[in-house]
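Engineer: This structure is in structure tokens; I'll ask about it shortly.
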Amino acid sequence: MSIKVSTMEIWGSTLLEENRLPQFRDKVQNKELEGDGLLDEEWEKYGYQTGKRILPYLVQDVYSRKRSMVSVKSIEFENEHLKAVFLPEYGMRLFSLYNKDKQREILFKNSALQFANLAIRDAWFSGGIEWNIGQLGHTFTTCDNLFAAVCHDSEGRELLRCYEYERCKGVYWQIDFYLEGDKLAAYVRFINPKEESVPFYWWTNIAVPEEKRVRIFSGNANVIYINPSSNEASGAKKGMSHGVMPYLDSLPGKDASYPQNFEFSSEYFFQNERDVNQTWEAAAYNDNTLFFDCASERLQYHKMFCWGVHPGGQNWKDFLSQEGKGDYVELQAGLCPTQVHGMDMPGKTTWDFVQVFGGTDFDYKQAEGEWAEAQKRVDAAVKAQCSPQQINALLERCRGCADAPIEDLLHMGSGYGALEQLRCPGSTPKGLWFPRASIGPVEEVWLELLEKHRIEDQPLGAFPRSYMVDARYADALKEAAEQGGYTARNLYGVFCLEEGRTEEAIRWFERSLESRENPLALRNLFCAYQDTAPEKAAACMEKALALMGDEPEREFVEEYTSWLDKSRQYEKLWSYYESLPAAMQKKDRVLLNTIPAAVALRKTGFLGECYKRSFTHIREGERVFTECYFVYQALLEAETTGVEFSDALVQKYVKENKVPRNIDFRQSKI
């Protein structure tokens, strides 16, 4: 058994930078979601804490599709049967799990490293196994550094530990990886050190190959599935229903256990019983192999997600990889009935579970036929590899090693765990180590606050490298704002606005401007005024942009054009777009924000150029620019033939449904 740091060469791009503006949480965190067909008990916590929430993290929205061979740091953990390759710079993604005995890859191993706009913070890439904590969506640290270290178990064998302090919810988490023969085990532990409870979320996201006739199984036939109408138009609400596998109302006449039967992006969640002591999910392949993951009781629910067999779904898979090489299905496991069901983690609480990943030979004929009978055969095969008794014994053994000391630190995460140790000495859980050297330029402002009780002003034009929204810093932040200048007042205003204390935030942003006129305070006022005083909001953003002169900052331009689009101020948006420097006019998000205005004002030349290009920053589920394409086609016909432009003419093209591949990122055919 060995653990070593290495370098992996891969086709792709490692360019990844942050948007410097704080993105405030949705004012409504508990969303009202549709749920026709849900059972009574399935409404509990449905929609709880599903609103957008990003701070104190920043959006990662600067990346490229210009690819080359790039080097990425990796950590290799292997024994005589198995080799696991992790990416510590990218959320400790398990990139590859290779079975040496069978000489085959167990997971979907992506041939490219390509970021796309699918995560909480924007940037995400497909493949392997991802560890999602804290908030609905692909997690805060999916494209960020985590701590990685070598420890030893009670028998003196090496284990690989990754860990971090999750600063949105203020919890510690760790994963201890063990090689158990030809299987990989992950012991996952969460620690809430606070007195109060926190909204909590966890889903393990496993990408496995989507091959012809792959069939999905779990320990229970009851599922909650997404209604396909959720994909049909921009702004559609996510509705869910209860069903019984393998025939669901979302897929009339077809077996939902075969992902390739879906002609739209889809997902369903297996509702395993609460009193089972082992849960599992498996994918059976027609090459007579079976992928499985099984877990201890706390990780109760499992999920299947597929992009669907349709142009938009295939485009997404290719977009995230290389053409023809990106086909995958996600098998996931979580703590709640679905990803839009929420929960709270009580204060002063530790939760844990163990999850095992592996592959085995399995006669595919045993996976065919009636699903319930095939499910029994798959269940027996999974339990032969990892029985409930083995899972429980493994959980107890891992618990006994959870506090094992760090012996060799292989990779450094953020400096926030070290800051927390300075703020509250003795708070770091046993088994975790956050060296002071982890505190870097991003965290230095908070070190200054802790040690000197002040925040120095930045040069005009500079932006904070980070923000603080932890209530335990509130008094120190306010004191610094009262004594300091425009930077401290901006930072405390951000804290207040994220807390929902809008009037107080406005006062601090105004005081920041009194200290020094600065674009960030004006932009933050723009955010604060949007719902109640849109004219004031516009004036603040326009003044911020005016302060920047002829070279406005990208983030400001994107926000302003997005707001003008959403408020349907199309003439103003088009006029502003035309005033921008040429380089800014070519930015992806600026163009996407401007397309609806160009449609409204019949700017067919502009639209024609837009629809020739491929966009890097399309958001999952974003359809407006595709729907605008049908209007563009109608406008072109009216322009070239002299027929009258009308809704009927637009509907003609909607029915034809011809969309160029480069812009088709829809999640259904329509």
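Engineer: What percent do you get for the relative contact order of the chain when only Cα pairs under 8 Å and 6+ apart count?
Structural biologist: Working: 1447 pairs, mean separation 84.8, N = 670.
13 percent.
Engineer: On to the next question. Give the calculated FRET efficiency between SER567 and ALA380 to the nearest 0.05, with a Förster radius of 56 Å applied to their Cβ-Cβ distance.
Structural biologist: On the way: r = 59 Å, r/R0 = 1.06.
Efficiency, from the Cβ-Cβ distance: 0.40.
Engineer: Using Cα-Cα distances under 8 Å and only pairs 6 or more residues apart, what relative contact order does the range 278-369 have, in percent? If you can, show how the numbers build up before the last one.
Structural biologist: Working: 125 pairs, mean separation 36.9, N = 92.
It rounds to 40 percent for the range 278-369.
Engineer: Residues with beta-carbon under 10 Å from that of ASP327, excluding ASP327: net charge, scoring Lys, Arg +1 and Asp, Glu -1?
Structural biologist: Working: positive: LYS212, LYS317, LYS325; negative: GLU210, GLU211, ASP318.
Surrounding charge for ASP327 is 0.
Engineer: With every protein chain in place, what's the accessible area of ARG53 (1.4 Å probe, Å², nearest 10)?
Structural biologist: About 30 Å², rounded to the nearest 10.
Engineer: Stretch ASN277-GLU639 to full length: gain in nm at 0.36 nm per residue minus the Cα-Cα span?
Structural biologist: Numbers: separation 362, 0.36 × 362 = 130.32 nm, distance 6.66 nm.
Additional length available on full extension: 123.7 nm.
Engineer: Length gain on complete extension for the stretch GLU396 to ASP361, per 0.36 nm per residue less the alpha carbon to alpha carbon distance?
Structural biologist: On the way: separation 35, 0.36 × 35 = 12.60 nm, distance 2.83 nm.
The span from GLU396 to ASP361 would gain 9.8 nm if fully extended.
Engineer: Which of the lysines could be linked to LYS603 by a straight reach, that is with a Cα gap under 21 Å, when you skip same-chain ones fewer than 8 residues away?
Structural biologist: Correct list for LYS603: LYS566, LYS572, LYS586, LYS587, LYS612, LYS652, LYS658.
Engineer: Follow-up. Based on the Cβ-Cβ distance from ASP26 to LYS325, what FRET efficiency comes out when R0 is 30 Å, to the nearest 0.05?
Structural biologist: Numbers: r = 36 Å, r/R0 = 1.22.
According to the calculation, E is roughly 0.25.
Engineer: Rounded to the nearest 10 Å², what accessible area does GLU89 have for a 1.4 Å probe in the complete protein model?
Structural biologist: 60 Å²
Engineer: Give me the distance in nm between label points sitting 7 Å out from Cα along the Cα-to-Cβ direction at LYS52 and GLU482, one decimal.
Structural biologist: 3.4 nm
Engineer: Could you size up the charge dipole of the chain around its Cα centre, putting +1 on the beta carbon of Lys and Arg and -1 on that of Asp and Glu, and report it in debye to the nearest 20? Could the numbers behind the result be given before it?
Structural biologist: On the way: 79 positive and 101 negative charges, 172 e Å.
The calculated dipole for the chain is roughly 820 debye.
Engineer: To the nearest 10 square angstrom, how much accessible area does LEU545 have with a 1.4 angstrom probe?
Structural biologist: 10 Å²
Engineer: Please sort by residue number the trypsin sites (Lys or Arg not before Pro) in the range 471-577 whose DSSP state is loop and whose Cβ has at most 12 other Cβ atoms within 10 Å. Show your work: numbers first, answer last.
Structural biologist: On the way: sites: ARG472, LYS478, ARG489, ARG501, ARG507, ARG511, ARG516, ARG523, LYS536, LYS543, ARG554, LYS566, ARG568, LYS572; in loops: ARG501, ARG516, ARG568.
Those satisfying the criteria are ARG568.
Engineer: Something else now. In whole Å, what three semi-axes, largest first, describe the equivalent ellipsoid of the range 50-102 built from its Cα gyration tensor (square root of 5 times each eigenvalue)?
Structural biologist: Details: eigenvalues 187, 59, 20 Å².
Ellipsoid half-lengths, sorted descending, are 31, 17, 10 Å.
Engineer: How much length is gained if the chain between MET8 and GLU451 is pulled fully straight, taking 0.36 nm per residue apart and subtracting their Cα-Cα distance, in nm to one decimal?
Structural biologist: So the extension gain works out to 155.5 nm.
Engineer: Express in whole angstrom the spacing between the alpha-carbon centres of the range 237-261 and the range 145-224.
Structural biologist: Using only Cα atoms, the two centres lie 28 Å from each other.
Engineer: Among ALA123, ASN593, PRO22, whose Cα projects farthest towards the positive end of the dipole of the chain, with charges put on the beta-carbon of Lys, Arg (+1) and Asp, Glu (-1)?
Structural biologist: Positive-most Cα among the choices belongs to ASN593.
Engineer: In nm, to one decimal, how far is the LYS212 label point from the ASP249 one, both placed 7 Å along Cα→Cβ?
Structural biologist: 3.4 nm
Engineer: So for the range 1-152, averaging the separation of alpha carbon pairs under 8 Å that are six or more residues apart and normalising by length, what relative contact order in percent results? The partial results should precede the final answer.
Structural biologist: Working: 320 pairs, mean separation 38.5, N = 152.
About 25 percent, as a whole number.
Engineer: So for HIS411, HIS302, what's the accessible-area order with a 1.4 Å probe, most first? If you can, show how the numbers build up before the last one.
Structural biologist: Working: HIS411 20, HIS302 0 Å².
Result of the area sort, largest leading: HIS411, HIS302.
Engineer: Then there is this: Quick one: if you stick a label point 7 Å off each Cα along the C-beta vector at SER427 and ALA533, how many nm between them?
Structural biologist: If labels sit at SER427 and ALA533, their model points lie 3.6 nm apart.
Engineer: Oh, and also: Could you list, in their original order, any pairs among LYS45/LYS430; LYS212/LYS325; LYS109/LYS376; LYS169/LYS348 whose Cα atoms are separated by more than 21 Å?
Structural biologist: Values: LYS45/LYS430 33 Å; LYS212/LYS325 14 Å; LYS109/LYS376 29 Å; LYS169/LYS348 13 Å.
Distance filter (> 21 Å) returns LYS45/LYS430; LYS109/LYS376.
Engineer: Additional query: Match the structure shown to one of the listed values [x] 25.7, 82; [y] 31.2, 118; [z] 30.7, 100 of Rg and Dmax of the Cα atoms in Å, computed from it, and give that label.
Structural biologist: Recomputing Rg and Dmax of the Cα atoms in Å here gives the entry labelled [x].
Engineer: Whole number in Å², please: accessible area per residue of the chain, 1.4 Å probe, ligands, DNA and RNA not counted. Display every interim value, and only then the final one.
Structural biologist: Numbers: 25870 Å² over 670 residues.
On a per-residue basis, 39 Å².
The values are calculated or read from the model by the stated rules, or taken from the named source; none is laboratory data. Bear in mind the structure is a predicted one, so any value in this text is a computation, not a measurement. Don't worry about glycine lacking a Cβ; one is built from the backbone with ideal geometry, like all the others, and counts go over all protein chains shown. To get the accessible areas, we keep the full protein, side chains included, count just its heavy atoms, and leave off ligands, DNA and RNA. Shrake-Rupley method; radii C 1.70, N 1.55, O 1.52, S 1.80 Å.
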